[in-house]
Structures are given as C-alpha cells and as structure tokens.
Amino acid sequence: MEECGDGPAGARVLRERLKVLAVAGDRLQLAADRAAGCSCCAMRRTCGAAELAAAARPERIEVARPPGLIVAQGDEVEVTLPASRFLTVAGLAYLLPTLAVVGTAGAGMALQLSDLWVGLLCLPALALALIPLARAGRGDGLAGDFTIEAVHPGAGPVSGRCAP
C-alpha cells in the first residue's frame with residue numbers, strides 16, 4: 001500500500017490505486033504490483049532483487065464489488081485497508097511463530113535438553129503458532145477487508161503483461 005492516512009472516524013488506513021483486470025458480476029479482479037522500497041533505493045540500478053521484482057507478474061486480488069459501483073476493465077480503483085487489520089495479520093504471520101519458536105527453544109534450553117530435542121520440540125510449536133494465521137486467511141482473507149473508496153476511469157481495456 002502506498003499511502004497512510006485517516007479514514008472514517010479517524011481510523012488509520014492504508015490506501016492504494018489498483019488497476020481493474022476484470023469485472024465479473026459482484027467481484028473485481030485487481031492487479032497488485034508488489035510494492036517495495038526499491039523505488040527509493042540508491043542501489044536499485046545495480047540490484048538483482050529490483051530486477052526480479054520488476055520482471056515479476058503482478059499478483060491478482062479478487063474483491064467484492066460494492067452494489068451500484070460502476071467500474072470497467074482498465075479503470076483504477078482506490079482501495080483502502082484498515083491499518084489495524086494489516087498489523088494484526090502481519091503479527092500473526094511473523095511475530096507469533098517467532099515468539100513460539102524462541103519460547104520453546106528457551107524452555108528446552110532451561111530444562112537442559114539436548115539440541116536435537118529442542119529442535120524437535122520447536123517443530124510442533126511452529127505448527128501450532130501458524131494455526132491463527134490460517135484461520136485469519138479463511139474466506140476472503142485480507143482481501144475481504146479492502147474497501148473501494150473511488151473509481152478513476154482508465155484509458156480502455158487492459159492489454160500487455162497484466163492482461164488476463
């Protein structure tokens with residue numbers, strides 16, 4: 001997401017403009033290029049990771065189209081996501097598994113278990129720590145929390161590497 005600002009009732013939201021790839025009934029397929037710090041990096045011209053990111057196909061996100069929203073293929077929509085929801089999912093994906101493994105390893109070391117047993121105890125701890133993330137991703141997952149704020153008419157149908 002590109003910008004961060006205040007949304008309804010002062011809540012912090014992340015907002016970005018995404019191109020509409022397809023409109024199918026009450027669903028929209030949007031092209032989401034991987035946003036990264038590469039565009040601001042001084043080393044981007046000589047960096048292999050920046051080249052790989054530029055060559056990667058954009059990811060497709062499918063979101064619900066609000067009733068009465070008039071949008072066509074090739075338009076851009078302004079999408080918002082509550083920052084608290086983004087942080088919750090990021091914490092479930094990165095923080096919780098790390099804490100589970102570190103806590104389990106620390107407990108195993110405190111009990112003076114061998115490294116093999118500590119490692120074996122960390123595997124089920126990691127698996128259990130990933131369950132909340134899997135539950136959060138059910139249904140629409142994070143895409144279900146996107147809200148379409150505005151439509152910006154495009155030049156026409158999508159063609160080229162982003163075309164379906």
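The values are calculated or read from the model by the stated rules, or taken from the named source; none is laboratory data. Everything numeric in this text was worked out from a predicted model, so none of it was measured. Using ideal geometry, Cβ is built from the backbone for each residue, glycine included, and neighbour counts are taken over all protein chains shown.
Of everything listed in (1) in a strand (DSSP E or B); (2) more than 17 Å from the chain's Cα centre (by Cα); (3) modelled with pLDDT of 65 or more; (4) under 17 Å from D145 (Cα atoms), the single unmet condition for G5 is (3). Taken as a whole, the structure leaves R135 outside the set of residues that are in contact (Cβ under 8 Å) with a residue 40 or more places away in the chain and not β-branched (V, I, T).
Output the residues belonging to region 57-79 that are buried (at least 17 other Cβ atoms within 10 Å of the Cβ) and part of a strand (DSSP E or B). Residues satisfying the conditions are I61, V63, E76, V77, V79. Within region 80-132, how many residues turn out to be farther than 21 Å from A32 by Cα, of a type in the set (S, T, Y) and either assigned to a helix (DSSP H, G or I) or in contact (Cβ under 8 Å) with a residue 60 or more places away in the chain (or both)? Of the residues in region 80-132, 3 are farther than 21 Å from A32 by Cα, of a type in the set (S, T, Y) and either assigned to a helix (DSSP H, G or I) or in contact (Cβ under 8 Å) with a residue 60 or more places away in the chain (or both).
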